[in-house]
Structures are given as structure tokens and as C-alpha cells.
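J.: Pasting a structure here, questions to come.
What follows is calculated from the coordinates using simple rules that are stated; it is not laboratory data. What you are looking at is a predicted structure, and each value in this text was computed from that prediction instead of being measured. Every residue, glycine among them, receives a Cβ derived from its backbone with ideal geometry; neighbour counts consider all protein chains shown.
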């Protein structure tokens, strides 16, 4: 797994994806930090973290689009699939490489925190709670994007499908919001959809609520989609 991890980390920077991802992430997060925190004359970063959900949703597909689709396009996937390493090593090596780059991008939050510390007293506990919420959210989204990347050899198609899938997951909760006060069937649909909703679980943390259930949800999603990716590669190995 370590060899795959090092290879992917190098590929991120040689291909330029890392620079694009980091630049856009830091630029947009900086705008939200300035408009939502500095201009509001507050040390409360909840508004910034609320907005960052959509940044993560839009940028993760760019980060994951080439992880497996490029291997398939260049026919290098056959070398990986026949190598004396497990499929889990391949998947997790690529997954943790993307997650590492995401953590590097997300850690700009601590730069903002030290800036705020000079302007006033900052509450570190809520900030760290929000930081880890965004980490868990990104971990789940990366697993979804990696799975989609395993299904196609077209990087652009991988990015678009991942974006659409994540956006549908976000919109699903809004689409069934009117079912909350309906009959038993509609209420059942509402409960099912909201139980797998990313946005409401993430937004809990920005409001100062630490939910262990939500943490387990994000970790479970990450594991589940990595498992699906392994199954896709397993099918390709034996086909």
C-alpha cells in the first residue's frame, strides 16, 4: 500500500492537480473566511464551515477523477491488478493519498484560527469540532469519488458523475422535506432519506453539536464505497 500511496502523491503534484486543488480550495475558503468572519467582526467560524460544504462537494470530484480512470485509460490497471498486492492495498493506497492532499488543503483552517486569535479570543473546541467534521465529510466524499473513478476510463466523466451523485445526495433531503408531515408512507421515505443525508449531519457540527452517530455514518460511507471499489477491481481482475 505504501508504494501505491507514494506513487499517487507524486502523481498529484506532477500532473498539476494538487496545485489546482490547493489553490482553488485556499482561495475560496479565504473568501468565505473574510466575508463570513472578518467582515462580520466575529471569531465564530461557523458561517465559514457551513459554506465549505459546497466547496468540498465541488472540489472532491476533481481530486478523485483520475485515481482509477487514468489507470484504465492508459491500460496500466492490468499491471496493478496482476501485481502481487491485494486489491485493498491498491484502493487504500489511492484513497489515503487523496485524503492526505485534502487534509493539507483543509489545514489552512489553523492559519485562519491564528489570525483570529490576534483579533480576539477564539473558541478552539468548536473550531476543532468543525475541522474534524469537514475531515469526515471529505473522507466519505473521496470514497464516493474513487468508486466512480473505478467505473470509467474518462476522467471528465468521472468528475461529472461524482459531482452529480454528490449533489443528488445533497438535494435528496430538500426534495423530501415536505414529506415530514405527510402520511406514514411519506414519513417513512423522509426518515430513510434524512438518515443518509450528508448535509444535515455535517451542519450539526457547525452548530456546535458533536454527534458520534454522524461520525460513524461518515466512516461507514467511506468504508462502504471503498469496499464497492474493491469489488469493481475484483470483477475486472477475473474478467
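J.: Using 7 Å Cα-to-Cβ label points, what is the residue 47/residue 219 separation (nm, one decimal)?
T.: For the pair residue 47/residue 219, the computed spacing is 3.4 nm.
J.: Mind ordering 200-211, 222-233 by average Cβ neighbours within 10 Å, highest first? Show your work: numbers first, answer last.
T.: Values: 200-211: 16.6, 222-233: 18.2.
Packing proxy ranking, top to bottom: 222-233, 200-211.
J.: Hey, with R₀ at 41 Å, roughly what FRET efficiency would residue 24 and residue 128 work out to, going by the Cβ-Cβ distance, to 0.05? Write out the running numbers ahead of the final one.
T.: Details: r = 24 Å, r/R0 = 0.59.
That pair, residue 24 with residue 128, gives E of 0.95.
J.: I've got another one for you. Subtracting the Cα-Cα distance from 0.36 nm times the residue separation, let me have the gained length for residue 121 to residue 13 in nm, one decimal.
T.: Details: separation 108, 0.36 × 108 = 38.88 nm, distance 3.70 nm.
Net length gain for the segment: 35.2 nm.
J.: Quick one: order 152, 23, 37 by neighbouring beta-carbon count within 10 Å, fewest to most. Don't skip to the answer; put the middle values down first.
T.: Details: 152 17, 23 11, 37 20.
The most exposed by this proxy come first: 23, 152, 37.
J.: Once the chain is represented by equal point scatterers at the alpha-carbon sites, with solvent omitted, what log10 I(q)/I(0) does the Debye formula produce at q = 0.08, 0.12 Å⁻¹?
T.: For the requested q values the scattering log ratios are -0.33, -0.72.
J.: Mind giving me the nanometre distance, one decimal, between the label points for residue 100 and residue 88, set 7 Å out from Cα along Cα→Cβ?
T.: Going by the 7 Å Cα→Cβ label model, 2.0 nm.
J.: Taking only Cα atoms, what is the 0 to 90° angle, nearest 10, from helix 17-33's long axis to the longest principal axis of the chain?
T.: Helix 17-33 sits roughly 10 degrees off the main axis of the chain.
J.: To the nearest 10 degrees, how steeply does helix 108-119 sit against the main Cα axis of the chain, on a 0 to 90 scale?
T.: Its long axis makes an angle of about 20 degrees.
J.: Points 7 angstrom from Cα along the Cβ direction at residue 1 and residue 164: gap in nanometres?
T.: Computed distance between label sites residue 1 and residue 164 equals 3.3 nm.
J.: Taking only Cα atoms, what is the 0 to 90° angle, nearest 10, from helix 124-149's long axis to the longest principal axis of the chain?
T.: 30
J.: Also, I was wondering about something else. Between residue 39 and residue 235, what FRET efficiency follows from the Cβ-Cβ distance if R0 is 41 Å, with the result rounded to 0.05?
T.: Numbers: r = 52 Å, r/R0 = 1.27.
Once the sixth-power term is evaluated, E becomes 0.20.
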